[in-house]
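Each remark here refers to the structure printed beneath this line.
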Amino acid sequence: MRTSNNNPVPSTASLPVVDALPDSAQIINVRGGETVNRDDLVERVKTAASKIRSRITGLDGPVVVAEPDALDMLVYLFAAWAAGRVAVVVNPGLSADEQLNVLDHTGAVAWYGPLRCKFKKPGARGKDDHPPLTLDEPALILMTSGTTGIPKGIVHSLRSLQARIALNIAYMGDASLARSLCVLPTFFGHGLIGNCLTPLAAGGTLHLWCSPGIGEMASLGQVMDRHRITFMSSVPSFWKLASRVSPSPTQPPLRLHVGSAPLSIEQWRAISDWAGTDSVYNMFGMTETANWISGGALKNSQGRDGFVGEIWGGRFAVCGDDGTIAESGRGEILVQSPGMMMTYLNAPEALAKAFVGSWMRTGDIGEIDAAGSLTLVGRIKTEINRAGIKIQAEEIDMLLERHPAVDEACAFAIPDAASGQAVAAAIVLSSQNAISTQDIGQWCREHARAEAVPSVLYVLDAIPRNDRGKIVRDSVRAVAMKSETAK
């Protein structure tokens, strides 16, 4: 396990367990109209916890929570903890092979949600009584990748979740969390911890409207007005679609978050214009730190792409190319956080590589100024090395998305005999613009240094994303290089 001496957690911290939720906490299902108050939620959790206990009495091990309904997902998460079990939260849409992989890696003894694989419940091999989890026991395992290879399971305790949620509330304020809208899936940290557990712990009303389709998205502004939404958070692609298909809300929310992917200043401003507020925050977070680490407001960005502000509890540092750790400068961003994970599940080598002393490596390249504010530049693993010159793929993304004819872009490296690697990019063109890739290339040459100009542009109908809405560049590269529209 990893620990660090960081800023103290606010004394008003609430445990992310159902019995500790404020009386005012409630959940509203936007699609069905059902309202579940705190007492109703407690009773549902008690019933589900009893089912878990009776089903796996005499078995030791975690339980998988993969309920397709977001309310059921939350109920069974709380119920697992009440039953003294670690909850492994995964995508309900996993294939049979992916489900078996999760079960094999975690040693789970039950699966709650659609089960597509042949799961044989193990024989009795443990104690009958599992009291509710204590603060420092493993409580939550989030699977971030590798469900078809070696899964990467990130283990959190109730203490690390408590720390993150308490800091979220302290930096966001109770007023903004009074009426939140969750549009993200609840099987990863952004949706589960940031969009659901944080508002509930603040005593707010959580409106569940997860993964709305394109048809539903046309009514986003109306949904926000009807429920007087004060806060919501999603990924850049969601906001881009929202501004295209939905009228703006007539009553601006108090706060919006954008996270889980790079955000250009142009898109940031477009979100602000659509929502009618400049309290739009570009968020930086990791599953390893239980959701958000920091967030920077548009009004404080000074026009900087990637500005994410000061840390929300804990410390940032920069690791230079020579391994020197400093409080400011440019390099790989390191973090110490009260919300730090306990470990990677069954992966000691990955855990060792993730830390430099007590500092966790984020894998992000960024700049920390003298005031302690962070601006992200790109990811180490997506750097493009063009004849010794390192170029951040995210920099190319944001350059291309500044072009009025480009809706989305994803840059990546391709082999090049002369320079080792060349810059390529997949782009999605807006439907109302007819333009050649040669024209876009010329525009890039006028707006960027020579080595950052893409050598090849692939035109796609859509940029592939994973189930969390994130772009996986290797997948985009594979799809793009199979396409016929490359110039």
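Out of all the residues in the range 52-104, which are part of a helix (DSSP H, G or I), farther than 17 Å from ARG116 by Cβ and under 23 Å from the mean Cα position of the chain (by Cα)?
Taking the range 52-104 as the starting set, the residues that turn out to be part of a helix (DSSP H, G or I) are 52-55, 70-82, 96-104.
Filter once more, so that each one left must be farther than 17 Å from ARG116 by Cβ: 52-55, 70-82.
Scanning the range 52-104 gives ALA70, LEU71, ASP72, MET73, LEU74, VAL75, TYR76, LEU77, PHE78, ALA80, TRP81.
Taking the criterion of being buried (at least 18 other Cβ atoms within 10 Å of the Cβ) and either more than 24 Å from ILE154 (Cβ to Cβ) or out of contact with any Asp or Glu (no Cβ under 8 Å at 6 or more places or on another chain) (or both), would at least one residue in the range 369-376 satisfy it?
Yes, the range 369-376 has at least one match.
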For the range 447-487: of the residues being of a type outside the set (A, V, I, L, M, F, W, C) and assigned to a helix (DSSP H, G or I), which is least open to solvent (accessible area, probe 1.4 Å)?
ARG473
Counting only residues that are touching an Asp or Glu at 6+ places or on another chain (Cβ under 8 Å), surrounded by fewer than 21 Cβ atoms within 10 Å (Cβ to Cβ) and modelled with pLDDT of 95 or more, how many does the range 356-365 have?
1
From ILE368, ILE380, grab the single residue that is modelled with pLDDT of 95 or more and among the aliphatic types (A, V, I, L, M).
ILE368
Run down ALA175, ALA242, ALA218 and say which single residue is open to solvent by 10 Å² or more (accessible area, probe 1.4 Å) and either within 29 Å of TRP312 (Cα to Cα) or under 14 Å from the mean Cα position of the chain (by Cα) (or both).
ALA175
Taking the range 180-211 as the search range and keeping residues that are surrounded by fewer than 24 Cβ atoms within 10 Å (Cβ to Cβ) and modelled with pLDDT under 95, which one is farthest from the chain's Cα centre (by Cα)?
SER211
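Condition check ((1) under 19 Å from ALA25 (Cβ atoms); (2) without any contact (Cβ under 8 Å) to a residue 12 or more places away in the chain; (3) touching an Asp or Glu at 6+ places or on another chain (Cβ under 8 Å)) across all residues:
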residue: VAL88; (1), (2), (3): no, no, no
residue: PRO114; (1), (2), (3): no, no, no
residue: SER157; (1), (2), (3): no, no, yes
residue: ARG164; (1), (2), (3): yes, no, no
residue: LEU181; (1), (2), (3): yes, no, no
residue: ASN195; (1), (2), (3): yes, no, no
residue: PRO199; (1), (2), (3): yes, no, no
Among the residues of the range 260-272, how many are surrounded by fewer than 22 Cβ atoms within 10 Å (Cβ to Cβ) and either touching a strand residue (DSSP E or B) at 6+ places or on another chain (Cβ under 7 Å) or farther than 25 Å from ASN466 by Cβ (or both)?
4
Any idea which residue in the range 273-298 is surrounded by the fewest Cβ atoms within 10 Å (Cβ to Cβ), counting only those that are among the charged types (D, E, K, R) and free of Cβ contacts under 8 Å to residues at least 40 places away in the same chain?
ASP273
Quick one: in the range 105-143, which of the residues that are assigned to a loop (DSSP other than H, G, I, E, B) and hydrophobic (A, V, I, L, M, F, W, C) is farthest from VAL17 (Cα to Cα)?
CYS117
Residue that is most open to solvent (accessible area, probe 1.4 Å), among those in the range 16-29 that are touching a helix residue (DSSP H, G or I) at 6+ places or on another chain (Cβ under 7 Å) and under 18 Å from PRO131 (Cα atoms)
ASP19
Residues of the range 304-355 being in a strand (DSSP E or B), closer than 19 Å to SER260 by Cα and touching an Asp or Glu at 6+ places or on another chain (Cβ under 6 Å), which ones?
ILE333
Checking the condition modelled with pLDDT under 95 and surrounded by fewer than 14 Cβ atoms within 10 Å (Cβ to Cβ), which residue from GLY61, GLY32 passes?
GLY32
Output yes when any residue across the range 324-336 is of a type in the set (A, V, I, L, M, F, W, C), without any contact (Cβ under 8 Å) to a residue 40 or more places away in the chain and open to solvent by 60 Å² or more (accessible area, probe 1.4 Å), and no when none is.
yes
Assess whether SER301 counts as being polar (S, T, N, Q), over 19 Å from the mean Cα position of the chain (by Cα) and open to solvent by 10 Å² or more (accessible area, probe 1.4 Å).
no
Write out, first by first residue and then by second, each pair whose Cβ atoms fall under 6 Å of each other, whose residues are 6+ apart or on separate chains, and whose first residue, in the range 383-397, is closer than 10 Å to ALA413 by Cα while the second is open to solvent by 10 Å² or more (accessible area, probe 1.4 Å) and not in a strand (DSSP E or B).
ARG386/SER419; ARG386/GLU451; ALA393/THR382
Can you tell me which residue within the range 133-148, out of those that are at pLDDT below 90 and surrounded by 12 or more Cβ atoms within 10 Å (Cβ to Cβ), is nearest to the chain's Cα centre (by Cα)?
THR144
Going by the conditions given, is ALA347 surrounded by fewer than 21 Cβ atoms within 10 Å (Cβ to Cβ), under 17 Å from GLY323 (Cβ atoms) and of a type outside the set (Phe, Trp, Tyr)?
no
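The values are calculated or read from the model by the stated rules, or taken from the named source; none is laboratory data. None of these values were measured; they are calculated from a predicted model. We place every Cβ from the backbone using ideal geometry, glycine too, and count neighbours over all the protein chains shown. Surface accessibility is based on the protein's heavy atoms, side chains included, excluding ligands, DNA and RNA. Shrake-Rupley method; radii C 1.70, N 1.55, O 1.52, S 1.80 Å.
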